[in-house]
Amino acid sequence: MFTSIPNDDVLREVASGDDGIIAGLGAGKVWVDVSTVSPSASREVARKVHEAGALMLDAPVSGSVPRSNRER
């Protein structure tokens, strides 16, 4: 599974609860998160994923830099 989440709070929200991502994970499952969130939030969620027997890979991406009209 791959996710791209906009911020720490949303990451925690979609990961948690009875219908959250972690509830659907188990042994041998891998969650790749490409969100640009804080390292502490990513580690927090990764610990919970590990407790569920799965693996979370943190592979953040960043947005592009706005271009000026002269560069177009």
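Please treat every number below as a calculation from the coordinates, not as lab data. All values derive from a computational prediction rather than experimental measurement. Note: ideal-geometry Cβ built from the backbone for every residue, glycine included; neighbour counts use all protein chains shown.
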Problem - Cleavage-rule hits (GluC sites (Glu not before Pro)) in segment 1-65: DSSP loop, at most 15 neighbouring Cβ within 10 angstrom - result: none
Handout entry: Reported label for calculated percent of Cα pairs over 19 Å apart given (i) 25; (ii) 34; (iii) 53
Key = (ii)
